[in-house]
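For reference, the structure is listed below as structure tokens.
The values are calculated or read from the model by the stated rules, or taken from the named source; none is laboratory data. None of these values were measured; they are calculated from a predicted model. Please note: Cβ atoms are built from the backbone with ideal geometry, for glycine as well, and neighbour counts cover all protein chains shown. These accessible areas exclude ligands, DNA and RNA; they are computed on the full protein's heavy atoms, side chains included. Shrake-Rupley method; radii C 1.70, N 1.55, O 1.52, S 1.80 Å.
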Amino acid sequence: MDWFESGWGLSLIVFLPVIGALVVLALPKAKETLMKWTALAFSGVTLVLTIAMAMRFDYSAAGTYQFGTAMDTTWIGAINANFHIGVDGISLPMVVLATFITVLVIIYSWNHWPEPHNPKLLLAFVLILATGMTGTFVALDLVLFFVFFEVVLLPMYFMIGIWGDRSIREVPIVKWKIEMRLYASLKFFVFTLFGSAFMLLGFIALYFKSEEALGYRTWSMLELSDIGAAGGVFTGTFAFLVFAALFLGFAVKVPMWPLHTWLPDAHTAAPTIGSVILAAVMLKLGTYAFIRIAIPILPEQALSWAPFIGVLAVIGIIYGSLACLAQTDIKRLIAYSSVGHMGFVMLGIATMTAIGINAAIIGMVAHGLITGLLFFIAGSMAHRYHTRDMRRLGGNMLLMPKMGVLLGFAAMASLGLPALAGFWGEFMALLASFNPLEAIGATSLFRVLMVIGAIGTVLTAGYMLYMLRNVNFGEPSEEWLDQEFEDVDRFEWLAWAPLVIGTLAIGIFPKIVFGATNDAVIGLVEKAFGG
Amino acid sequence: MSSIDYHALLPELIIAATVLLTLIVDLTTRKKYLVAITAMVGLFAAFVPVLTLAFCDSLEFCTATGADRVLFGGTYVVDGYSLVFKGLFIFAAFIVILLSIGFLGSARYYEGEYYFLLIASAMGAVVMASSRDFVTMIVALELVSGPAFLLAGWKKADPRSNEAALKFFITGVIALALLLFGVSLVYGLTGTLQFDQIAIASVAVADTPLFTLGVIFVILGFGFKVSAVPFHFWTPDTYEGAPTPVSAWLSVGSKAAGFVGLLSVTYLAFPEAADVWGPPLWLVAVLSMTVGNIVAIKQTNIIRMLGYSSIAQAGFMLAPFGAAAASKSGNFDEAFYATVTYLLIYAVMNLGAFGVAIVIGTRVGSYELKDWRGLNRWAPGLALTLAVFFMSLAGLPPLAGWFAKFAMFQATIGVGNWWGYSIAIIAAVNAVIAFVYYSNVVKTAFFDSVPEGVDIEALENERITAPIGFALGLTVFGVLILGVFPGLAASLGEFGAEVVALIGG
């Protein structure tokens, strides 16, 4: 299995989905079942390969990059950009999450086709997204990272625009009336593109500056991290501007308050599977990039930005929670809850400690599973009720008991109930902010943030219970009484059960994630900030 | 200087022969497609010596020293730079002919003369790439423009086409007058028309106001040719009125020829005056991308939109060069490479964009975006092709356009001071603005529903003609390959940045 270890296995994991997309596109329009099976086969094989990789992963050396291509595998010779990929303990859980969600999404879409139908394009976009997402998590070259980071935009833009919500919405300020999907898709794209254009400028600046330290220019995250750890080159105004550019790119993607406004629109307008992919995986591209790029390459700046990031993160937590309490649309509520949860992730990162970053990673995985499940359920319910308005819903436990139980489970997991996955991320992020890295020099500020964050967890419980009360409990309103509702169907079971099991498993044995991440995170923190 | 290096001149000789041959074929047959075939065979044949010249080092029969050949006492040079552009012009003309075949047949235009004029224009562009003195360059430039004036007015029954030709002609003549005036001043001060000698002689006169004036007028003249703001106003009207394949040629062939002229003149003839033409070029770049992009947002006609888009793209191409010159950093190589790379990628994707616009436009019978709504419903393949080209123009990976932008950003930041940083930031913001109108095309094709009263079934059953299909296939392939393996574009760009005169002096 040498080929598997030496980069081919990982390359297959990245590129099999996109090959699948091309195959799906080449199939005749009428053969829909064949398309579904093709998409499932390609994503399934990718998942099997990913699991094989996770099993062969050397956990005792989680801090090193494994299964990677050689560092000097030339891709664009003229600019020294290389096809350098690899996984370590930090990216492994993310890769597993991305491939896993892709399979579930394809299973779910088996009998849930958003209008207008066109499964060919939809499946192709899901598969292209898979390549973009896994590619971003394994890229170790800044140009390669940039390309994968951008590849995910277009399919998601199409997904929201074609299969999105057709209700009319008024654009703020200018008061144009426009369909939700058109507004949300453009907003999503322009926000992210704006961030990533500056991110690219930051990357190029790092590339030129690296010459001062090495004598040649490099895009390699490894070499750039070495320069960052050694200190002395990425300093002063240069470092400040570059960090600002990277921050803009990553923070839009996370999204951090106040750059989050695209998220509620995009998540609400997207079709179910689009929302699931967005929430479960795509938001993690931004937080992952903070951990993988911003902190190791510019540790000095990371320290001085940390209080600022921490404050924004906590504002995000409180703002997200309060916004949830004001929602009547169930999908919009879940979308705002993501703002809050990603706030916890960013708070963990902002502490710059091993505990905090571990918390961030498990928080990312947990949020992926739980919010993915929530969006699945919300989508299925909207499919049956033909509304997402919580004022009209109610008594779901009587109409669809199984669905109600699952929704209750997901809500409990989301509010951070111990023994479920959501607990660890929030708990440890708060724990870490009690003792942030000394070098930041803002320990008391972080303790205040911890207290406010803790209040945020209470608010989280508040809006989740508010949602449950409105949707699950009470008597169904009269409009539903004479209707037959099909409870959870078999494709839904197939797609959701793994998420439920995953949530339970990580809740009870968080070591599933920490086993991979811990050494890598400790190594990263030690390298960036010294022992 | 005793004998002429015919190998080096072979591309021009073949095209010149083809120009004559198309006239003869046109006279002797009524089957006008034969003229097109003659033209294409000629262009293809001319492409072969471009390749043999480029790979001269590794070919046995190629006896001259390397790929760099200096002819006619230095007024005509065949080097990497000129070869890359010759290849580009021949490729562009070839694609434009493919696009023209169905288009001309559909509306009973004169056909034979059309192809004759088109390759005559291409001939001018090919000569342009090698010319290293002002006389050759101006003759070449007029050979590019002259036939293009006629082609722009080809739809003679259509007043818009007449307007297009007239506008294009008048601005073209003004540009020529400015250029000639500038050249006369430069000649008066330096006593020579040859670029490398101007560069040497200008050391003594670089500070005189008259020389500055001459340089400015020359730059102004080329500003019209590359349709940069504020010399752009003819562009959208001409593109809209001219037959669409001609617009494709104007936006790629003729524009690139203007860029070749601008690059050669500034880089080879006026390096001493970089502080004179640098800052204006920087400003023109900023204005072009900003004005071009913002005005493009409001366009409802796709060809006008492509017109403004090409203005904005010209701004992106000028950015590295303007920044490098304005700051006198001396690092022209990277700027040169970035501009050449950008032009190459732009040529492929813009030709493709025009090609797909022609197919859809003729089928729908309108170039108004609102008539293209719901395209995906009746022509999913065309809709996807459309998306590929417009998203490539917007610069999204993995389509070729991203690397063009990337090279541009790299070169501007590489300048290493605020001339570069500031234009990089402006360009970044502009890239986002540009997405708004490029995405509007995609939105129209994919997100909107088909307008009332459109007969979907009739549209569905129409088949794309072979020549256009071939052209689209070629350009889609190019956009994908160059996007996934941009090293190809980069090495072409590097080869194209090998300018012979610089190495000598």
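In table form, for the structure just shown:
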item: Pair list, Cβ under 7 Å, 6 or more apart: the range B:320-344 residue closer than 19 Å to B:Leu83 by Cα, other residue open to solvent by 10 Å² or more (accessible area, probe 1.4 Å) and not in a helix (DSSP H, G or I); result: B:Asp333/B:Ala497; B:Phe336/B:Ala497; B:Tyr337/B:Ala497; B:Val340/B:Ala497
item: Any hit, the range A:79-89, residues being acidic (Asp, Glu) and surrounded by 18 or more Cβ atoms within 10 Å (Cβ to Cβ); result: yes
item: Failed condition for A:Glu211, given (1) in a helix (DSSP H, G or I); (2) surrounded by 18 or more Cβ atoms within 10 Å (Cβ to Cβ); result: (2)
item: Close pairs from the range A:188-204: first within 25 Å of A:Ala269 (Cβ to Cβ) and within 9 Å of chain B (Cβ to nearest Cβ), partner polar (S, T, N, Q) and open to solvent by less than 20 Å² (accessible area, probe 1.4 Å), Cβ under 7 Å, at least 6 apart; result: A:Phe189/B:Ser439
item: Positions within the range A:164-192 being open to solvent by 10 Å² or more (accessible area, probe 1.4 Å) and either assigned to a helix (DSSP H, G or I) or closer than 30 Å to A:Thr74 by Cβ (or both), in sequence order; result: A:Met180, A:Leu182, A:Tyr183, A:Leu186, A:Lys187, A:Val190, A:Phe191
item: Residue identified as open to solvent by 40 Å² or more (accessible area, probe 1.4 Å) and either within 14 Å of chain B (Cβ to nearest Cβ) or under 25 Å from A:Met364 (Cβ atoms) (or both) among A:Thr46, A:Thr74, A:Thr50; result: A:Thr74
item: Single match in A:Ala335, A:Ala350 (criterion: more than 16 Å from A:Gly453 (Cα to Cα), of a type outside the set (Val, Ile, Thr) and touching a residue at least 60 places away in the same chain (Cβ under 8 Å)); result: A:Ala335
item: Which listed residue is part of a helix (DSSP H, G or I) and more than 13 Å from A:Leu437 (Cβ to Cβ), from A:Gly310, A:Gly363, A:Gly348; result: A:Gly363
item: Whichever residue in the range A:103-122 is within 14 Å of chain B (Cβ to nearest Cβ) and open to solvent by less than 10 Å² (accessible area, probe 1.4 Å) and, among such residues, is modelled with the highest pLDDT; result: A:Leu122
item: Top-ranked residue in the range B:370-394 [being at the interface with another protein chain (Cβ under 9 Å from one of its Cβ atoms) and at pLDDT 90 or above; ranked as nearest to the chain's Cα centre (by Cα)]; result: B:Ala394
item: Condition broken by B:Trp418, with the remaining ones in (1) more than 10 Å from chain A (Cβ to nearest Cβ); (2) open to solvent by less than 10 Å² (accessible area, probe 1.4 Å); (3) more than 30 Å from B:Gly365 (Cβ to Cβ) satisfied; result: (2)
item: Residue match in the range B:421-429 (condition: of a type in the set (Val, Ile, Thr), at negative phi, open to solvent by less than 10 Å² (accessible area, probe 1.4 Å) and away from every other protein chain (no Cβ under 12 Å)); result: no
item: Search result, residues across the range B:302-343 that are of a type in the set (Lys, Arg) and assigned to a helix (DSSP H, G or I); result: B:Arg304
item: Selection from the range A:228-242 of residues that are modelled with pLDDT under 90 and aliphatic (A, V, I, L, M); result: A:Ala229, A:Ala230, A:Val233
item: Check on A:Ala454, under 22 Å from the mean Cα position of the chain (by Cα) and either part of a helix (DSSP H, G or I) or under 20 Å from A:Ala280 (Cα atoms) (or both); result: no
item: Candidate set: the range A:67-122, residues that are in a helix (DSSP H, G or I) and of a type in the set (Phe, Trp, Tyr); chosen: the one nearest to B:Ser491 (Cα to Cα); result: A:Phe100
item: Meets criteria (modelled with pLDDT of 90 or more, touching a Ser or Thr at 6+ places or on another chain (Cβ under 6 Å) and open to solvent by less than 30 Å² (accessible area, probe 1.4 Å)) for B:Gly214; result: no
item: Of all residues in the range A:231-260 being of a type in the set (Val, Ile, Thr) and open to solvent by less than 40 Å² (accessible area, probe 1.4 Å), the one that is farthest from the chain's Cα centre (by Cα); result: A:Val233
item: Residue that is least open to solvent (accessible area, probe 1.4 Å) [pool: residues in the range B:446-505 that are without any contact (Cβ under 8 Å) to a residue 60 or more places away in the chain and among the aromatic types (Phe, Trp, Tyr)]; result: B:Phe447
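Matching residues to (1) in contact with a His (Cβ under 8 Å, 6 or more places away or on another chain); (2) at pLDDT 90 or above; (3) aliphatic (A, V, I, L, M); (4) crowded, with 18+ Cβ neighbours inside 10 Å:
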{"residue": "B:Ala157", "(1), (2), (3), (4)": "no, no, yes, no"}
{"residue": "B:Thr171", "(1), (2), (3), (4)": "no, yes, no, yes"}
{"residue": "B:Gly182", "(1), (2), (3), (4)": "no, yes, no, yes"}
{"residue": "B:Asp196", "(1), (2), (3), (4)": "no, no, no, yes"}
{"residue": "B:Pro209", "(1), (2), (3), (4)": "no, no, no, no"}
{"residue": "B:Lys225", "(1), (2), (3), (4)": "no, no, no, yes"}
{"residue": "B:Ala228", "(1), (2), (3), (4)": "no, no, yes, yes"}
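Okay, residues lined up against (1) more than 11 Å from every other protein chain (Cβ to nearest Cβ); (2) farther than 26 Å from A:Ile79 by Cβ; (3) at pLDDT 90 or above:
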| site | (1), (2), (3) |
| --- | --- |
| B:Ser449 | no, yes, no |
| B:Leu459 | yes, yes, no |
| B:Gly473 | yes, yes, yes |
| B:Ala489 | no, no, no |
| B:Glu498 | yes, no, no |
| B:Leu502 | yes, no, no |
